[in-house]
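Trainee: Dropping the structure in here first, questions after.
The values are calculated or read from the model by the stated rules, or taken from the named source; none is laboratory data. Quantities reported herein were computed from a predicted structural model and do not represent experimental measurements. Counting neighbours? That spans all protein chains shown, and the Cβs are built from the backbone with ideal geometry, glycine included. What goes into the accessible areas is simple: the full protein's heavy atoms, side chains included, and nothing from ligands, DNA or RNA. Shrake-Rupley method; radii C 1.70, N 1.55, O 1.52, S 1.80 Å.
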Amino acid sequence: MPKSVSIQFLGTSSAQPSLTRNTSSLAIIIDGFSWLFDVGEATQHQLNKFKNIKWGKIDKIFITHMHGDHVFGLPPLLCTLSNNLNEDLARRPIEIYGPSGLRKFVYNSLSLTHSHLKRGYIVHELLFPDDPIDSGNPFEPNEFEQSGENIQMTIDQNNNRSWKIIDEEDYIVSAAPIEHSIPCLGYVINENPIPGNINIELVKPILMRNKDALGLKNPMELLKKLQQFQCLTMPDGTVIEPPQRRPGRKIVILGDTFDPSGIIHLAMDADVLVHEATNSLTSDDPERTIYEDVEKRSIENGHSTSKMAGKFAARINAQQLLLNHFSHRYKGDSEAIMNEIKQAAIESFGNNHVICTYDGMIIQIPIRKEVN
Ligand SMILES: [Zn+2]
Ligand SMILES: [Zn+2]
């Protein structure tokens, strides 16, 4: 059975919270388990408010960059995740991935505040070639930090730069550098191919008529092998082919950026692209403002307009574009203004699958229909 995958936006404001939006955080929820991407200040308030994510089901955290609006909520969240543990959770450390400096930030924040966790954590740093290798902490080692990996960037023959982070049975997670005012990462979550539907009406009679020769009480248990893409040869010579594979889902989550082209080699044909849209030309701007000036200012600050996000979504042939990280100057979040921001992205994307996300919003990611 394909797993259910959804994204919940926990904070969609840039730089500082507004009355309607908190600072950056979102969760990918896979069959109830949650991976958080960025943990802005008060992310745990958002988790309390929306009640969709169970604390004990958060087991991985990914940080895009070290700006405060993306990490200030991490140390207190780790403290809260230490509460109400069962034995299994207490044994399983939380894995945290992010750029150079993250390990020191977490360790120092927890040590200087005399925080004692009951659940361990591990920080894995994704290092750029010039980054120092963090060989330990300035404080005494404590019982709740376990040593993490220093993951070096790989550069292929086409000069594409990336980090392979996780390679599990169901998912591969990679990252690549994107351009912002400080070192910044984009993450790509690739689901491995999913088995197609087995034609039971066709397969069942074949299995049943070979039941005795197979020596199996319940030959239907062989369906599992078909789902693992294995071919079955029956004692009577019939060959049952496994169902065709369906491509897994690809989710691309970018940190703040004015130029994410460094991730194109990983991000092509994404099912979902989450892209910041800090700025946009809207009817709230002074009368003589032109788009080119808004874009220029945005790039100077390391950010994108919604039009730039749409262009990038078209460039990687994304199916859907989810915009976040909106400037807090869009006061009151008027529907009309958010619609203008969205329309600018639709025009440059050439596709109307664009959503201006809001805090608490949940988006299901369906599996693709086509067969390889
Ligand atoms: Zn930011
Ligand atoms: Zn930033």
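Trainee: Dipole of the stretch 1-125 (Lys/Arg Cβ +1, Asp/Glu Cβ -1, origin at the Cα centre): which of SER100, VAL123, THR113 lies farthest to the positive side?
Mentor: THR113
Trainee: Give me the 1.4 Å probe accessible area per residue for the chain, excluding ligands and nucleic acids, in Å².
Mentor: 49 Å²
Trainee: Report ³J(HN,Hα) in whole Hz for each residue of the stretch 194-209, in order, from the Karplus equation J = 6.51 cos²θ - 1.76 cosθ + 1.60 where θ = phi - 60°; Gly and Pro get x.
Mentor: So the J values, rounded to whole Hz, are 9, x, x, 7, 7, 7, 4, 4, 7, 7, 4, x, 5, 5, 5, 6.
Trainee: Starting from the 7 Å offset along Cα-to-Cβ, what nm value, one decimal, do you get for the label separation of HIS353 and ILE166?
Mentor: A separation of 2.3 nm, rounded to one decimal place.
Trainee: I would also like to ask the following. Tell me the mean residue ellipticity at 222 nm calculated for the chain from its helices only (DSSP H runs of n ≥ 4, each -39500 (n - 2.57), averaged over every residue, nearest 500).
Mentor: Estimated from H runs of four or more residues: -6500 deg cm²/dmol.
Trainee: Can you grab the distance from the C-alpha centre of the stretch 268-293 to the C-alpha centre of the stretch 162-239, Å, no decimals?
Mentor: 40 Å
Trainee: Specify the residue with the greatest mean-square fluctuation among SER135, SER14, SER24, computed from a Gaussian network of the chain linking alpha-carbon atoms under 10 Å apart.
Mentor: SER135
Trainee: Could you work out what % of the accessible surface of the chain is carbon and sulfur, using a 1.4 angstrom probe and leaving DNA, RNA and ligands out of the count?
Mentor: Carbon plus sulfur share of accessible area: 49 percent.
Trainee: Right, here's the next one. Of all DSSP beta bridges in the chain, what percent run antiparallel (nearest 5)?
Mentor: The antiparallel fraction comes to roughly 55 percent.
Trainee: A further question follows. Scan around PHE128 for amide H atoms under 5 Å from its own, H built in the peptide plane at 1.01 Å from N, and keep only partners 5 or more places away or cross-chain.
Mentor: Long-range HN contacts for PHE128: SER100.
Trainee: While we're here: Over all pairs of distinct alpha carbons, what does the Kirkwood formula give as the hydrodynamic radius of the stretch 152-272, in Å?
Mentor: Hydrodynamic radius (Kirkwood, Cα pairs) of the stretch 152-272 is 17.5 Å.
Trainee: I need the phi-derived Karplus couplings for the stretch 11-20: 6.51 cos²θ - 1.76 cosθ + 1.60, θ = phi - 60°, integer Hz, Gly and Pro marked x.
Mentor: x, 10, 9, 9, 6, 9, x, 10, 5, 10
Trainee: Another question about this same structure. What distance in nm separates the two pseudo spin-label positions at CYS231 and LYS369, each 7 Å out from Cα along the beta-carbon direction?
Mentor: Reported label-point gap for CYS231 and LYS369 is 3.0 nm.
Trainee: Tell me which residues come under 5 Å, amide H to amide H, from ASN301 once H is placed; ignore anything under 5 positions away on its chain.
Mentor: Residues meeting the criterion, in which the H sits 1.01 Å from N, do not exist here.
Trainee: Can you check what the Kirkwood hydrodynamic radius comes to for the chain, Cα pairs only, in Å to one decimal?
Mentor: 22.5 Å
Trainee: Would you kindly calculate the mean projected area, averaged across all directions, of the convex hull enclosing the Cα atoms of the stretch 244-303, in square nanometres?
Mentor: Hull-based average projected area comes out at 5.7 nm².
Trainee: With 14 Å as the cut-off, how large is the P(r) tail for the stretch 197-243, expressed as percent of Cα-Cα pairs?
Mentor: Above the 14 Å cut-off, the stretch 197-243 has 42 percent of its Cα pairs.
Trainee: If you keep only loop residues by DSSP, which trypsin sites (Lys or Arg not before Pro) in the stretch 178-278 have at most 11 other Cβ atoms within 10 Å of their Cβ?
Mentor: The qualifying sites are LYS217.
Trainee: Can you compute the modelled spin-label distance between ALA213 and GLU149, with each label point 7 Å from Cα toward Cβ, in nm?
Mentor: 4.7 nm
Trainee: Could you sort the peptides 340-350, 320-330, 48-58, 285-295 by per-residue average Cβ neighbour count (10 Å cutoff), highest mean leading?
Mentor: Descending packing order for the listed peptides: 320-330, 340-350, 48-58, 285-295.
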